[in-house]
1. Show the residues, 5+ positions off or on another chain, whose built amide H is closer than 5 Å to the amide H of TYR44.
2. For segment 170-238, state which GluC sites (Glu not before Pro) are in a DSSP loop and have at most 15 other beta carbons lying within 10 Å of their beta carbon.
3. Of the heavy-atom accessible surface of segment 240-333 (probe 1.4 angstrom), what whole percent is carbon and sulfur?
4. Give me a comma-separated list of calculated 3J(HN,Hα) values for segment 330-335, in order, Karplus coefficients 6.51, -1.76, 1.60 applied at θ = phi - 60°, integers in Hz, x for any Gly or Pro.
5. Ignoring any ligand, DNA or RNA, what whole percent of the accessible area of segment 70-114 comes from carbon and sulfur when the probe is 1.4 angstrom?
6. Quick one: what are the phi-derived ³J(HN,Hα) couplings along segment 367-381, Karplus 6.51/-1.76/1.60 with θ = phi - 60°, whole Hz, x for glycine and proline?
7. Hey, got a sec? Which trypsin sites (Lys or Arg not before Pro) in segment 240-314 land in a DSSP loop and have at most 13 other Cβ atoms within 10 Å?
8. Please list the non-local residues whose amide H lies under 5 Å from the amide H of GLU201, H modeled 1.01 Å from N, same-chain partners needing a gap of 5 or more.
Amino acid sequence: MQNSFISEFQTRKSTKYIPLFLFFLILLGTCSKFRVDDYNPYLYGRVKLGKDLKELQVSIVNRVPTNVPNQVAIASGVIYVPDFEQSLIKAFNSDGDLKFVVGNSKEKQDKVKTYNIKLGRIGLVTVSDGDDIFVQSRISKEDVKADRAAENIYTKKSGEFRTEAEEAVPSVILKINDSGKLSQTIYADGVGGSTPFGYVERMEAGNNDLLFVFHRQNGGMKLSIFDEAGKLKQKVDASDFKDFLNTQGDVYTWYVDSFISHPDGEYVLGSFSFYETKSGRFKNRKILRYDLKDKKISPVKEIQDPSETLYWVLNNDNFFIWETEVEEGNSIRLQVHDEDGNHVNNIRLNYPPPRGLWRETWMDTNDEIYSMKIRAGYLEIHKWK
């Protein structure tokens, strides 16, 4: 009888604490889901600014370097830096030693390896996993088209600013193989085409020598995907998503933020911003997935905060949302989402002050994060860990 009473008492006691135990489990799961991994930059490499061919030649205006790139391409331990002043691509190692030059250099030095290729005015540069260089080459200085992107403050990243509107100069993309030979001239309609690119916002080399170009054509932004032969493999634009962009009787107006492909080119994430038609107020941002093979559209994420923008698609199918942390001032947060849109983690990038020295932050096909800044006469490339 006594044993039965004790057993019943213990059962009631344990039952009392089960809800509390479950509460702590749920709390633990919530905390781990939204934990923040703090990343800090370490110096990966640096290039000296100067007037010599073996340095990055820039203009100095009021003691401030100008015509300095916002980002560079990095592959196989080599840093590919566009030298806008000389219309050259200079390849440095992480110690800042010049390995070779691509372009027609006015200065000839016996000890500098040069691949003589006419580049025109250099724009964006990216490098494939096979060390092929893709460079945007603007056709001429005079042939300017008024093909500019619509200004949208909600798509800007932290620290980005412009003092004037930019007009797009017609350009082509040159593919230079790892032997330093010009292997392809890629137009907006592919190798052998005739339509040059106008405004190009982003250019990225993907896996298996794919090339992704986010550009404006016929008044709209689109993502053009080129295969290893330079042929236009597929185009993605807003019309592919039209059935999922309901504006509820013209109450809302939507705009394309970006199209970002998975590095393998299997699918594209499209980001669209919705605004109230009358007031112009931001309503939300929708991220939709477009599977290129079966042309299937799937809703992935809806964002209510205008400061959060789609940033990158990772090899493991996760994707990053860029969030500027206004309160912190010297940091930004990358929200990590899985392929279903679930928020699974956060990464905080802590920029050592002064923040104004830091330029663009970008990623490569290996999902590595880089930033760049100018300090003490050097262009510094930092990697985040």
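The values are calculated or read from the model by the stated rules, or taken from the named source; none is laboratory data. On a predicted model such as this, the values are computed, not experimentally measured, just so you know. No Cβ is skipped: glycine too gets one built from the backbone with ideal geometry, and neighbour counts run over all protein chains shown. Keep in mind that these areas ignore ligands, DNA and RNA; they rest on the heavy atoms of the full protein, side chains included. Shrake-Rupley method; radii C 1.70, N 1.55, O 1.52, S 1.80 Å.
1. Under 5 Å from the amide H of TYR44 lie the amide H atoms of ILE381, HIS382, LYS383, each far enough along the sequence or on another chain.
2. Of the GluC sites (Glu not before Pro), the ones in loops of segment 170-238 whose Cβ has at most 15 other Cβ atoms within 10 Å are GLU228.
3. Accessible surface attributable to carbon and sulfur in segment 240-333 totals 43 percent.
4. Whole-Hz 3J(HN,Hα) from phi for segment 330-335: 10, 8, 10, 10, 9, 7.
5. Carbon-and-sulfur percentage of accessible area, whole number: 37.
6. Taking θ as phi minus 60°, the curve returns 6, 8, 10, 10, 9, 9, 8, 9, 8, 6, x, 10, 8, 9, 10 Hz for segment 367-381.
7. The qualifying sites are LYS278, ARG281, LYS293, LYS295.
8. Sorted by chain and number, the residues that satisfy this are PHE214, HIS215, ARG216.
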